[in-house]
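Have a look at the structure below before the remarks.
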(Lines give C-alpha, C1' and ligand atoms only; values in the text may rest on other atoms or scores of the structure.)
Protein backbone atom coordinates (compact mmCIF):
# COMPACT_ATOMS: atom_id res chain seq x y z
CA UNK A 1 0.00 0.00 0.00
CA UNK A 2 1.50 3.34 -1.07
CA UNK A 3 0.42 6.34 1.00
CA UNK A 4 1.16 9.98 1.53
CA UNK A 5 2.57 9.71 5.02
CA UNK A 6 2.86 12.17 7.87
CA UNK A 7 6.52 12.30 6.86
CA UNK A 8 5.42 14.01 3.65
CA UNK A 9 6.72 11.34 1.28
CA UNK A 10 5.10 8.60 -0.73
CA UNK A 11 6.19 5.27 0.63
CA UNK A 12 4.88 1.88 1.60
CA UNK A 13 3.21 2.08 5.00
CA UNK A 14 5.15 -0.74 6.60
CA UNK A 15 3.13 -0.48 9.82
CA UNK A 16 0.11 -1.86 7.93
CA UNK A 17 1.85 -5.10 6.99
CA UNK A 18 0.48 -8.04 8.92
CA UNK A 19 3.46 -10.40 8.92
CA UNK A 20 7.18 -10.82 8.45
CA UNK A 21 6.37 -12.80 5.32
CA UNK A 22 4.45 -9.87 3.83
CA UNK A 23 7.22 -7.42 4.79
CA UNK A 24 9.93 -9.57 3.21
CA UNK A 25 7.80 -9.94 0.08
CA UNK A 26 7.62 -6.14 -0.30
CA UNK A 27 11.44 -6.14 -0.24
CA UNK A 28 11.67 -9.10 -2.62
CA UNK A 29 13.63 -10.86 0.12
CA UNK A 30 11.25 -13.76 0.82
CA UNK A 31 14.21 -16.12 0.56
CA UNK A 32 15.07 -15.11 4.15
CA UNK A 33 11.70 -16.01 5.70
CA UNK A 34 13.07 -19.22 7.20
CA UNK A 35 16.02 -17.27 8.69
CA UNK A 36 13.58 -14.94 10.44
CA UNK A 37 11.41 -17.81 11.66
CA UNK A 38 14.42 -19.75 13.01
CA UNK A 39 15.42 -16.61 14.94
CA UNK A 40 11.91 -16.33 16.40
CA UNK A 41 11.10 -13.13 14.49
CA UNK A 42 7.41 -13.47 13.69
CA UNK A 43 5.92 -9.97 13.88
CA UNK A 44 6.64 -6.50 12.57
CA UNK A 45 7.45 -5.10 16.04
CA UNK A 46 10.20 -7.71 16.41
CA UNK A 47 11.58 -6.76 12.98
CA UNK A 48 11.82 -3.12 14.12
CA UNK A 49 14.21 -4.13 16.92
CA UNK A 50 16.75 -5.84 14.64
CA UNK A 51 20.21 -4.49 13.81
CA UNK A 52 23.02 -5.52 11.49
CA UNK A 53 24.51 -7.90 14.04
CA UNK A 54 21.18 -9.68 14.36
CA UNK A 55 20.92 -10.07 10.60
CA UNK A 56 24.45 -11.48 10.43
CA UNK A 57 23.66 -13.96 13.22
CA UNK A 58 20.58 -15.00 11.25
CA UNK A 59 22.80 -15.83 8.28
CA UNK A 60 21.94 -12.76 6.21
CA UNK A 61 25.37 -11.61 5.13
CA UNK A 62 25.20 -10.44 1.50
CA UNK A 63 26.03 -6.73 1.77
CA UNK A 64 23.34 -5.54 -0.65
CA UNK A 65 20.66 -7.62 1.04
CA UNK A 66 21.70 -6.47 4.52
CA UNK A 67 21.63 -2.84 3.36
CA UNK A 68 18.18 -3.18 1.79
CA UNK A 69 16.75 -4.89 4.88
CA UNK A 70 18.33 -2.36 7.27
CA UNK A 71 16.98 0.55 5.22
CA UNK A 72 13.50 -0.94 5.46
CA UNK A 73 13.92 -1.49 9.22
CA UNK A 74 14.90 2.16 9.58
CA UNK A 75 11.81 3.23 7.60
CA UNK A 76 9.66 0.94 9.73
CA UNK A 77 11.04 2.43 12.96
CA UNK A 78 10.40 5.95 11.67
CA UNK A 79 6.85 5.12 10.63
CA UNK A 80 6.12 3.43 13.96
CA UNK A 81 7.45 6.47 15.84
CA UNK A 82 5.33 8.87 13.79
CA UNK A 83 2.33 6.60 14.17
CA UNK A 84 2.74 6.50 17.94
CA UNK A 85 3.37 10.23 18.36
CA UNK A 86 0.56 11.41 16.08
CA UNK A 87 -1.92 8.60 16.62
CA UNK A 88 -2.10 7.94 12.89
CA UNK A 89 0.23 7.71 9.93
CA UNK A 90 -1.89 8.45 6.87
CA UNK A 91 -2.77 12.06 6.10
CA UNK A 92 -4.73 11.30 2.95
CA UNK A 93 -6.31 8.30 1.30
CA UNK A 94 -4.01 5.57 0.08
CA UNK A 95 -3.93 4.25 -3.45
CA UNK A 96 -4.75 0.58 -3.25
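If the condition is being within 18 Å of residue 13 (Cβ to Cβ) and surrounded by 15 or more Cβ atoms within 10 Å (Cβ to Cβ), then the range 38-50 contributes 44, 47, 48.
Answer with yes or no whether residue 53 is at pLDDT below 75 and surrounded by fewer than 12 Cβ atoms within 10 Å (Cβ to Cβ).
Working: at pLDDT below 75: no; surrounded by fewer than 12 Cβ atoms within 10 Å (Cβ to Cβ): yes.
Answer is no for this residue.
What about residue 42, is it assigned to a helix (DSSP H, G or I) and at pLDDT 85 or above? Taking the combined requirement at face value, the residue does not satisfy it. The set of residues in the range 56-90 being modelled with pLDDT of 95 or more, more than 13 Å from the chain's Cα centre (by Cα) and surrounded by 15 or more Cβ atoms within 10 Å (Cβ to Cβ) consists of 58, 60, 65. Inside the range 1-25, residues that are modelled with pLDDT of 95 or more and either in contact with a helix residue (DSSP H, G or I) (Cβ under 6 Å, 6 or more places away or on another chain) or within 20 Å of residue 64 (Cβ to Cβ) (or both) make up a count of 5.
The values are calculated or read from the model by the stated rules, or taken from the named source; none is laboratory data. Keep in mind that this is a model prediction, so the values were computed, not measured. In this analysis, Cβ positions are derived from the backbone assuming ideal geometry, glycine residues included, and neighbour counts consider all displayed protein chains.
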